Amino acid sequence: VSAFLRPKGNVLTLFVDGSEDPTIPPFGKVVDYLTYCGIYREVYLTSHPSSYIEDVFVSGSSDGTIKVQTKIHGEGSPHYALYDEGRLLAEFDGSSFHYDCPKVWGVGSPHLYELEAQLGEDRKRVRFGFRDAKFQPEGFFLNGKRLTLVGLNRHQTYPYFGPAAPKSLQYDDADLLKSSGINLVRTSHYPQSEHFLDRCDELGLMVVDEIPGWQYIGQDKKWRENCRDFARRMIVKERNHPCLIAYGLRIDESPDDDELYSSLQAIKEELDPGRQSLGVRNFKDSHCLEDVYGYNDFSCDSLEHGVDPSGQLKGGKGKALLITESNGHMFPTKSFDPTSRRVEHALRHAKVLDEAVGDRGYCGAITWCAFDYGTHRDFGSGDHICHHGVYDIYRSPKYAASFFKSQGKTPFIDVASLLQPGDFDAALMPKIYVFTNAEYVEMYRGEHRIGRFYPNRKDYPHLPHPPIVIDDIIGDMFNEPNISPEDGKKIVATFNWCAQNGYGALRVRDKLFLARMMAKYHLDFSYVYATYAKYVQSWGESSSLWRFEAFKDGKRFATITRGPSTDFHLEVKPTRDTLVHGATYDCVRIGIAKKDQYGTTMPYASDPVEVTVEGPIEVYGPRIFSLYGGASALYIRSLPCKNPTEATVHVTCLGETIDCLLVVRPA
């Protein structure tokens with residue numbers, strides 16, 4: 001705009017056309033995710049000297065080799081300085097340099113360096129990492145070591161305000177995903193916020209990005225030019241991020257189009273030849289012009305099958321193979337669905353991941369998806385929400401999120417049941433699933449120890465931490481002096497079968513066995529029934545309290561209690577207590593949950609919540625809403641202030657008010 005500037009009185013006006021233009025990807029047909037209009041990221045107006053640095057691209061290898069490409073406007077050659085946490089390490093000229101013994105970037109130690117380019121008075125500083133990332137037919141290798149990829153797909157949208165999330169919320173999402181036991185995120189189906197990628201750099205969370213689109217390829221010249229333009233700008237925007245291990249250069253689930261996709265490969269080779277490309281499709285015999293054959297495997301339609309064998313992907317022969325989606329729409333699950341569905345949702349993810357990890361032909365699996373997301377009218381559940389996430393749209397966890405967290409290194413345990421008979425048909429007690437990375441779990445009813453239970457490596461032999469499956473709710477409690485220990489164990493097994501499946505499901509062999517026991521010990525039916533009720537039903541007894549103790553290295557690290565919910569409270573937890581109002585507003589997520597006396601979220605609660613605020617803040621969304629699966633989230637955005645100022649959020653639910661104190665300060 002330089003040619004139009006006056007000494008003062010300049011006004012820059014921006015107009016936004018929010019219509020869906022069929023010449024711009026992803027439009028032209030239908031899209032299964034909600035798109036938004038408006039400006040939803042920061043906008044900057046910059047000034048430069050006559051000669052300045054337009055762009056710096058730096059890559060570092062694990063051996064210390066640095067390669068730099070700098071685009072200059074005007075005259076001159078840049079000079080470079082290498083920094084580590086603000087400390088000057090070296091200076092050099094030219095397009096390459098070798099730094100001895102660098103600290104490599106990895107998922108467990110994501111060390112970052114900075115390179116500053118200087119051209120006269122103009123300076124530009126970028127972050128990068130020393131690392132080698134390589135997809136091969138034998139697997140994915142990070143810094144020379146094979147690493148199994150475990151990931152989730154991410155839509156960068158939120159309730160009420162779509163993608164208009166500032167840096168702090170983007171960071172929160174990256175933190176949440178890193179803590180979820182995964183090491184990879186796919187940014188489906190469009191490039192996402194630089195803030196999110198910056199945080200992934202800092203956390204050691206790997207990323208595969210993707211050009212905009214879903215299934216449809218436009219044939220008119222303008223659409224295809226826009227697609228190529230997106231690919232070019234995405235690569236330039238994101239190529240300095242060490243977290244980025246591949247570019248998604250194929251419209252998700254689209255048919256083959258060798259002319260378009262070969263041109264996208266040429267763009268990548270021009271702009272970032274050292275990084276690989278990935279193409280995502282949902283059929284097995286596709287042309288693969290990319291380095292990685294990404295396959296959306298939706299063959300999991302029960303707990304009996306996870307993924308198809310890698311050898312069936314004929315189009316990926318000689319290429320690295322990666323499962324890029326699974327589950328999702330095959331088994332949509334809401335936060336308030338019955339326990340059995342929420343548990344099966346988690347177990348389907350476990351089955352997919354177990355089989356993908358066990359098949360050495362795959363580099364790993366990125367399942368669908370991290371968060372529930374807004375969608376167009378043709379999709380979702382009538383509420384314009386696709387309930388495909390392991391977290392709901394408010395970032396509240398489902399049991400599937402607990403499964404993923406159990407695969408991480410941070411000590412974790414969750415019991416996937418309220419253990420309330422009313423949750424199950426005929427008040428039966430099905431198998432109990434515990435998602436944990438503990439070595440074993442000890443279970444108690446009341447003060448009685450039932451037994452010790454270990455991860456189920458029989459059904460999940462390839463997972464780092466298989467679910468613990470508890471199918472015995474009697475165990476060591478059984479104590480009938482007149483019955484031998486050997487017969488007692490068999491009676492316990494029969495009672496457990498009956499507890500899980502009901503009287504009517506007793507097998508002929510079970511009935512014959514009980515008849516033999518009655519004859520052997522001179523028992524009548526009333527005694528058998530009373531004994532069953534004593535060990536299984538125990539209504540109103542202290543043994544209706546369940547306690548699970550998780551152990552690692554012989555030490556207990558966590559205890560979970562389940563039991564009849566009698567006392568309730570509202571839990572209000574902000575992700576942080578300070579908002580910084582700078583070039584744009586800041587935002588904080590405040591999690592809200594109704595919990596019982598044991599700290600268990602009440603998944604069927606839909607109590608009304610009212611919010612009022614004081615200070616330089618406002619509610620980002622409605623002030624009156626209902627809990628959603630027993631939980632929700634409140635988003636608070638900052639308003640301008642001259643000095644650090646206290647603010648208060650009052651959250652009221654059924655007469656109980658919780659105050660959340662925040663501080664808003666200027667940048």
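The values are calculated or read from the model by the stated rules, or taken from the named source; none is laboratory data. All figures in this text were calculated on a predicted structure; none of them were measured in a lab. All Cβ positions, even for glycine, are placed from backbone atoms using ideal geometry, and neighbour counts span all protein chains on display. To get the accessible areas, we keep the full protein, side chains included, count just its heavy atoms, and leave off ligands, DNA and RNA. Shrake-Rupley method; radii C 1.70, N 1.55, O 1.52, S 1.80 Å.
Considering all alpha-carbon pairs of the range 89-162, what whole percent are spaced by more than 21 angstrom?
53 percent
Within the set of other residues whose C-beta is less than 9 Å from the C-beta of CYS386, count the net charge using Lys and Arg as +1 and Asp and Glu as -1.
Charge balance in the 9 Å sphere: -2.
Would you compute, from DSSP H runs of 4+ residues alone, the mean residue ellipticity of the chain at 222 nm, taking -39500 (n - 2.57) per run and dividing by the full residue count, rounded to the nearest 500?
-6000 deg cm²/dmol
Between the helical axis of 508-521 and the dominant principal axis of the chain, each derived from Cα atoms, what acute angle in degrees is found, rounded to the nearest 10?
40 degrees
In angstroms, what radius of gyration and Dmax does the range 151-191 have, counting Cα atoms only?
Every Cα atom of the range 151-191 included, Rg and Dmax give 10.4, 29 Å.
Mind putting a number on the dipole of the range 455-560 about its Cα centre? Charges go on the C-beta only, +1 for Lys and Arg and -1 for Asp and Glu, and I need it in Debye to the nearest 20.
240 debye
Report D for the range 291-366 in µm² per second (integer): Stokes-Einstein, Kirkwood Rh on Cα pairs, 20 °C, 1.002 mPa s.
Diffusion coefficient, whole number: 166 µm²/s.
Against the longest principal axis of the chain, how steep is helix 258-271, in degrees 0 to 90 to the nearest 10, with axes from Cα atoms?
That works out to roughly 70 degrees.
Sequence gap at least 6, Cα distance under 8 Å: using those rules, report the relative contact order of the range 45-149 to the nearest whole percent.
Relative contact order for the range 45-149 comes out at 27 percent.
Taking a temperature of 25 °C and a viscosity of 0.890 mPa s, what whole-number D in µm²/s does Stokes-Einstein yield for the range 521-610 with Rh from Kirkwood over alpha carbon pairs?
136 µm²/s
Over the range 401-482, what per residue volume does the convex hull of the Cα atoms give, in whole Å³?
128 Å³
With both bridge residues required to lie in the range 149-274, what share of the DSSP beta bridges run antiparallel, to the nearest 5%?
The antiparallel proportion sits near 10 percent.
How much accessible area per residue does the range 1-112 have, counting only protein heavy atoms and a probe of 1.4 Å, in square angstrom?
67 Å²
Considering every Cα-Cα pair within the range 127-250, what fraction, in whole percent, is farther apart than 24 Å?
Within the range 127-250, distances greater than 24 Å cover 31 percent of Cα pairs.
Cα centroids of the range 411-481 and the range 298-325: how far apart, whole angstrom?
So the separation of the two Cα centres works out to 31 Å.
Hand me the trypsin sites (Lys or Arg not before Pro) from the range 67-146 located in a DSSP loop with no more than 16 other Cβ atoms within 10 Å, in residue order please.
Sparse-neighbourhood loop trypsin sites (Lys or Arg not before Pro): LYS103.
Return a whole-number percent for the relative contact order of the range 304-398, with Cα pairs under 8 Å and 6 or more residues apart as the contact set.
33 percent
Over all directions, how big on average is the projection of the convex hull of the alpha-carbon atoms in the range 339-489, in square nanometres?
Reported value for the Cα convex hull: 12.7 nm².
Show TYR52, TYR44 ordered by accessible area, largest first, where the area counts protein heavy atoms only and the probe is 1.4 Å.
Correct descending sequence by accessible area is TYR44, TYR52.
Given a 1.4 Å probe and the protein chains all in place, what does the accessible area of GLU253 round to, in Å² to the nearest 10?
20 Å²
Whenever you get a sec, compute what percent of the accessible area on the range 573-618 sits on carbon and sulfur atoms (1.4 Å probe).
Whole-percent figure for carbon plus sulfur exposure: 48.
Kirkwood Rh and Cα-based Rg: tell me the resulting Rg over Rh for the range 1-61, rounded to two decimals.
1.11
May I ask for the percentage of alpha-carbon pairs in the range 71-110 that lie more than 14 Å from each other?
62 percent
According to a simple spin-label model (label point 7 Å from Cα along Cα-to-Cβ), what is the distance in nm between LYS573 and GLU447?
It is 3.2 nm.
When DSSP assigns beta bridges and you keep just the ones with both residues in the chain, what percent turn out antiparallel, to the nearest 5?
75 percent
So what is the relative contact order of the chain, in percent, for Cα pairs below 8 Å that sit 6 or more residues apart?
9 percent
May I ask for the Kirkwood hydrodynamic radius of the chain, worked out over all distinct Cα pairs and given in angstroms to one decimal?
Value: 27.9 Å, from the Cα pair sum.
With all pairs of different alpha carbon atoms counted, what Kirkwood hydrodynamic radius in Å does the range 1-160 show?
So the Kirkwood estimate lands at 20.2 Å.
Protein chains only, probe 1.4 Å: how do ASP173, ASP414 rank by accessible area, largest first?
The residues order as ASP414, ASP173, largest area first.
At 1.4 Å probe size, put MET443, MET477, MET518 in order of accessible surface, largest to smallest.
Output order, biggest surface exposure first: MET518, MET477, MET443.
Looking only at the range 93-166, where both bridge partners belong to it, what percent of the DSSP beta bridges are antiparallel (to the nearest 5)?
Expressed as a percentage, antiparallel bridges in the range 93-166 total about 95.
Round to the nearest 10 and give me the degree value, 0 to 90, for the angle of helix 167-178's Cα axis relative to the longest principal axis of the chain.
50 degrees
Roughly speaking, to the nearest percent, how much of the range 143-221's 1.4 Å accessible area is carbon and sulfur?
C and S atoms contribute 53 percent here.
Could you pull out the pairs from LYS124/LYS167; LYS145/LYS317; LYS222/LYS314; LYS67/LYS319; LYS134/LYS552; LYS134/LYS178 whose alpha carbons sit more than 29 Å apart here?
Correct reply: LYS222/LYS314; LYS134/LYS552.
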